[in-house]
1. Output the residue which, of all residues in region 223-274 that are more than 28 Å from VAL293 (Cβ to Cβ), in a helix (DSSP H, G or I) and of a type in the set (A, V, I, L, M), is nearest to the chain's Cα centre (by Cα).
2. May I ask you to list the residues in region 97-139 that are touching a residue at least 60 places away in the same chain (Cβ under 8 Å), among the charged types (D, E, K, R) and touching a Lys or Arg at 6+ places or on another chain (Cβ under 9 Å)?
3. Name every residue in region 46-86 that is of a type in the set (Lys, Arg) and exposed (fewer than 15 other Cβ atoms within 10 Å of the Cβ), in order of residue number.
4. Quick check, is GLN290 polar (S, T, N, Q), in contact (Cβ under 8 Å) with a residue 12 or more places away in the chain, touching a helix residue (DSSP H, G or I) at 6+ places or on another chain (Cβ under 6 Å) and surrounded by 14 or more Cβ atoms within 10 Å (Cβ to Cβ)?
5. Restricting to region 38-90, name every residue that is basic (Lys, Arg) and within 14 Å of the chain's Cα centre (by Cα).
6. Evaluate the following for PHE218: is it modelled with pLDDT under 90 and in a helix (DSSP H, G or I)?
7. Here is a check on your reading of the model: is TYR267 among the aromatic types (Phe, Trp, Tyr) and modelled with pLDDT of 95 or more?
8. Among residues belonging to region 160-177 that are closer than 22 Å to THR54 by Cα and assigned to a loop (DSSP other than H, G, I, E, B), point out the one that is modelled with the highest pLDDT.
Amino acid sequence: MSHSSISTVHGFLNFLARDLDNLDHLFLSHNFIISAAFLQHVLSSLRSFHSHLTLLVQNLSLPVGDKWLDEYMDESSRLWEASYLLKSGLSAIEKYSSSAANIPSLLHDHHVLNPQLSRQVIRAINGCQREMTALQEENKSTAEAKLQAPSLRLKETVLAESKFNKYNGFRGVLHAMRNVNTLLLLILLSGLVYYWPETSFYQSPHHEGSSLFGSTTFMASTGKLHQRIANAMSRLQVQPGILLYELQRANFAMDEVKMEMERVLDYDDEVSDVIDEKVGELRSCLAGLQCGVEEIVGQVDDLLDEIVEGRKKLLDMCSSHR
């Protein structure tokens, strides 16, 4: 889409709607899982919305020194704080996956597998599992205050039309961006930091299409994505914790290796091809996890840079028009 087509409030809101509809389709195509690939798309949308919002401001001829700048700065600050929470979660996952990567290396030669090595592997796995438990608890306490704070709550109030139209319609755009950003941040935080079934996604008591997002095109698109994810989490009975699919796969693969090691100890079995298969699966899962997390870290860093750039651009614009 060309920059000129989103240089108006109407064009910008339509742009939001189309991108949100695309995320909805992607979530369906990813079989309702919060994968690294899906989260990368969510981050791409978040970055795109922010950069195009900055461009929109430059096209609206807003009054210098008015309150619109404070409201923009407040929203970008909220985005900045949430991005650092994401970075904290990503750093913890990277540390965990680095520790877990030692397990396959212990088993690089199954022909010499013995009870001593089996116990060593089990101890290493137990250590990783304790690390994951501690990580989940720390993330829970860190994210709990943030997710329950007003800054990450979806707004149910609908502004009067006169307030939406303030600042050449920019007030309405900021209201739209606040809810859209909140929804996308909730998806990212659930995938990378922590997810609560009861609080991470507000379950609207209304029918789909008439939720708290209202009935305009972009609001309907936001509501549809929100409801789709909330319904999927409820139907799949997703448990509290970090939802990143690659992390869950790695944890499951680690459990499988542990069971094989325990079987060797319990029954003194001969080394089988099953262990090769389980270890190979763990190695593959950890590689996928590390790759996915690295890609997401890069995007979060880019988003932080873009927030700084956007704030500076608008401050310079206001200064030059004084």
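The values are calculated or read from the model by the stated rules, or taken from the named source; none is laboratory data. None of these values were measured; they are calculated from a predicted model. Don't worry about glycine lacking a Cβ; one is built from the backbone with ideal geometry, like all the others, and counts go over all protein chains shown.
1. Ranking the candidates gives VAL274 first.
2. Answer for region 97-139, where residues must be touching a residue at least 60 places away in the same chain (Cβ under 8 Å), among the charged types (D, E, K, R) and touching a Lys or Arg at 6+ places or on another chain (Cβ under 9 Å): there is none.
3. Scanning region 46-86 gives a single hit, LYS67.
4. In short, yes.
5. If the condition is that a residue be basic (Lys, Arg) and within 14 Å of the chain's Cα centre (by Cα), then ARG47, LYS87 are the ones that fit.
6. Numbers: modelled with pLDDT under 90: yes; in a helix (DSSP H, G or I): yes.
The answer is yes for PHE218.
7. Taking the combined requirement at face value, the residue does not satisfy it.
8. This residue is GLY169.
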